[in-house]
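J.: My questions will all concern the structure given below.
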Amino acid sequence: MVPKYLFQLIAGGENEKLDFKKTITSVSKIAKTMVSFANHKGGKLLVGVNDNQTISGVRCEEDKYMLDMAAEFYCKPSIKIETEIWEFDGKTILEVTIPTTNQKPYYAKDEEGKWWVYIRVKDQCLLASKVMMDVLKRDANKTATYINFSSKEKGILEYLTTHDKITTKEICKMLNISRWRAQKILVNLVSIGAIRIHTHEKTEYFTI
């Protein structure tokens, strides 16, 4: 029997902590979703649920095997998922909980054997940038961030008091510094909460 909260989750639709899967078609693709949750605040997969919020059901053993395979061998570090099996109207739903820990960043292995870091943005799994990866590492280590505010840091903050956003490329041009130097400054500013990082499919930008 399906618990009431599960119907409430389905009714609310996909979001930054919830993803629907009709079935598991690829171990590497589901690992990508798991990693994006683990690098965020954790989340849930509901397998056997369509994108339109209807219940289709799954082949329990096959899908569970692929989920376990993905969590153990296609995620680095491996992820300890929790799976609940529910029955509704003769159909099986898998509720998979993905935790988050201080082992970030998590990597997912693709079909070619390469490892990538993904993050969850709304209901999407996006490839993490170098800045985001370093922020994840900093947050996971819980190390204190000390900044010597130079004209570079001040320049970025002053710019953002009169502009909505700024990109790494714009910072490099404005301050006449390398991309590596700009990224290092941005990681520090994001880590202390002075600015926010916004990741999208085509670009990444920063705001106050």
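J.: Kyte-Doolittle cut-off -1.0, length cut-off 15 Å along the helix's own axis using Cα: show which whole DSSP H helices in the chain pass. It would help to have the intermediate numbers written out before the result.
T.: Numbers: long enough: 27-38 (16 Å, 0.93); 60-73 (19 Å, -0.44); 130-141 (17 Å, -0.42); 151-162 (17 Å, -0.55); 179-191 (18 Å, 0.05).
Correct list, ordered by number: 27-38, 60-73, 130-141, 151-162, 179-191.
J.: Still on this structure: For the chain, what does -39500 (n - 2.57) per DSSP helix run (n ≥ 4), summed and divided by total residues, give at 222 nm, in deg cm²/dmol to the nearest 500? Numbers along the way, then the final one.
T.: On the way: 7 runs with 80 residues, N = 208.
The helix contribution divided over the chain gives -12000 deg cm²/dmol.
J.: Note the listed values (i) 131; (ii) 147; (iii) 120, then indicate which one is volume of the Cα convex hull per residue in Å³ calculated from this particular structure.
T.: Identified label for the calculated read-out: (i).
J.: On to the next question. Any chance you could get the radius of gyration and Dmax over the Cα atoms of the stretch 4-127, in Å?
T.: Just the Cα atoms of the stretch 4-127 yield Rg and Dmax of 13.5, 41 Å.
J.: OK, next. Just how large is the dipole of the stretch 26-69 about the Cα centre, in debye to the nearest 20, putting +1 at every Lys and Arg Cβ and -1 at every Asp and Glu Cβ? All intermediate terms of the calculation are to be shown ahead of the outcome.
T.: Values: 6 positive and 5 negative charges, 44 e Å.
Rounded to the nearest 20 debye, it is 200 debye.
J.: Quote to one decimal, in nm, the extra length available between Asp89 and His198 on full extension: 0.36 nm per residue of separation minus the C-alpha distance between them.
T.: Working: separation 109, 0.36 × 109 = 39.24 nm, distance 4.15 nm.
Contour length minus Cα-Cα distance gives 35.1 nm.
J.: Can you tell me the dipole magnitude for the chain around its Cα centre, using point charges on the Cβ only (Lys, Arg +1; Asp, Glu -1), in Debye to the nearest 20?
T.: Details: 32 positive and 26 negative charges, 216 e Å.
It comes to approximately 1040 debye.
J.: Would you work out the charge dipole size for the stretch 4-127 about its Cα centre, treating the Cβ of every Lys and Arg as +1 and the Cβ of every Asp and Glu as -1, and quote it to the nearest 20 debye? Walk me through the numbers on the way to the answer.
T.: Details: 18 positive and 18 negative charges, 91 e Å.
Using Cβ point charges on Lys, Arg, Asp and Glu, the stretch 4-127 gives about 440 debye.
J.: Debye sum, Cα scatterers, the stretch 132-207, no solvent: what log₁₀ I/I(0) at q = 0.13, 0.24, 0.26 1/Å?
T.: The calculated log intensity ratios at q = 0.13, 0.24, 0.26 Å⁻¹ are -0.36, -1.25, -1.43.
J.: 5 Å is the cut-off here: which amide hydrogens, built 1.01 Å from N in the peptide plane, fall below it relative to Phe88, excluding neighbours closer than 5 in sequence?
T.: When sequence neighbours closer than 5 places are left aside, the close amide H contacts are Ile93.
J.: Additional query: Cα-Cα over 26 Å: which of Lys109/Lys152; Lys137/Lys169; Lys29/Lys202; Lys64/Lys114? List each step's numbers first, then the result.
T.: Numbers: Lys109/Lys152 37 Å; Lys137/Lys169 23 Å; Lys29/Lys202 20 Å; Lys64/Lys114 24 Å.
Where the Cα-Cα span goes over 26 Å, the pairs concerned are Lys109/Lys152.
J.: Let me ask something else about it. Starting from the Cα-Cα distance between Trp116 and Phe7, subtract it from 0.36 nm times their residue separation and give me the gain in nm to one decimal.
T.: On the way: separation 109, 0.36 × 109 = 39.24 nm, distance 3.29 nm.
Result: 35.9 nm gained on full extension.
All of the numbers you see were taken from the coordinates with simple rules; none came from a lab. Please read all numbers here as calculations on a predicted model, not as lab measurements. Using ideal geometry, Cβ is built from the backbone for each residue, glycine included, and neighbour counts are taken over all protein chains shown.
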